[in-house]
1. Restricting attention to segment 132-144, which residues are crowded, with 17+ Cβ neighbours inside 10 Å and either of a type in the set (Gly, Ala, Ser) or assigned to a strand (DSSP E or B) (or both)?
2. Residue 148 fails exactly one of the following numbered conditions: (1) modelled with pLDDT of 90 or more; (2) in contact with an Asp or Glu (Cβ under 9 Å, 6 or more places away or on another chain). What is the number of that condition?
3. Any chance you could count how many residues in segment 81-128 are exposed (fewer than 11 other Cβ atoms within 10 Å of the Cβ) and not in a helix (DSSP H, G or I)?
4. Test of understanding: among 50, 60, which residue is in contact with a Lys or Arg (Cβ under 7 Å, 6 or more places away or on another chain) and either open to solvent by 60 Å² or more (accessible area, probe 1.4 Å) or modelled with pLDDT under 85 (or both)?
Amino acid sequence: MRSFLQQRGDPFGKLAPGKPIDTSEWSSLILALRMAASAWSPANTPPRKLEEIPPASDGLSTFHPERREAAAGFMRAFPHWTSDLGVTYRDDLLPVVAARSLAAYMMAAAASSLRAGLNMRRCDYCASWFTLHYAPARCCSVSCGAAMANKRTSPHGFRAELVHDADEHLG
């Protein structure tokens, strides 16, 4: 959990130095996002149950359209997330959805990924999941690609191997 906070921040924006917070609502967010993730096959992890789809050997997490409806139940597991969304308008009057919390952004991103139905992959540099709009892509952003090519510290301010180690404990 500490690596997630260092990488992304508090999903609900309540964390502050010297201020204790209750993290109990994080479990419902984790549950909801895991439900959304059930539409994809696991990547580079062994199946936990015999009925699970085996992982892809190329590191892809493959989208399974037949699982979309069941995975869409994640929105019911965490129903209040839409109250943290707002709409702003660009100069050309195009509406733009804006998240007021990281939790709302994460839920909206999960809904968008389910709707798009594209495969996903972990960034080779920072270990963040990203939607594959370009099949051979190995990095989530131009920043990570450049940092990896130049052998620099992650643009997100952490070492990727720490994130991979922490994710194995969440399993």
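1. none
2. (1)
3. Counting residues in segment 81-128 that are exposed (fewer than 11 other Cβ atoms within 10 Å of the Cβ) and not in a helix (DSSP H, G or I) gives 10.
4. Details: 50 fails: in contact with a Lys or Arg (Cβ under 7 Å, 6 or more places away or on another chain).
Checking each option against the conditions leaves just 60.
Table: residues versus (1) in contact with a Pro (Cβ under 6 Å, 6 or more places away or on another chain); (2) closer than 28 Å to residue 64 by Cα; (3) free of Cβ contacts under 8 Å to residues at least 40 places away in the same chain.
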site	(1), (2), (3)
93	no, no, yes
96	no, no, yes
99	no, yes, yes
111	no, yes, no
116	no, yes, yes
125	no, yes, yes
129	no, yes, no
134	no, yes, yes
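The values are calculated or read from the model by the stated rules, or taken from the named source; none is laboratory data. What you see is a predicted model, and the numbers here were worked out from it, not measured in a lab. Quick reminder, even Gly has a Cβ in these numbers, built from the backbone with ideal geometry, and neighbours come from all protein chains shown. Calculation scope for accessible area: heavy atoms of the full protein, side chains included, ligands and nucleic acids excluded. Shrake-Rupley method; radii C 1.70, N 1.55, O 1.52, S 1.80 Å.
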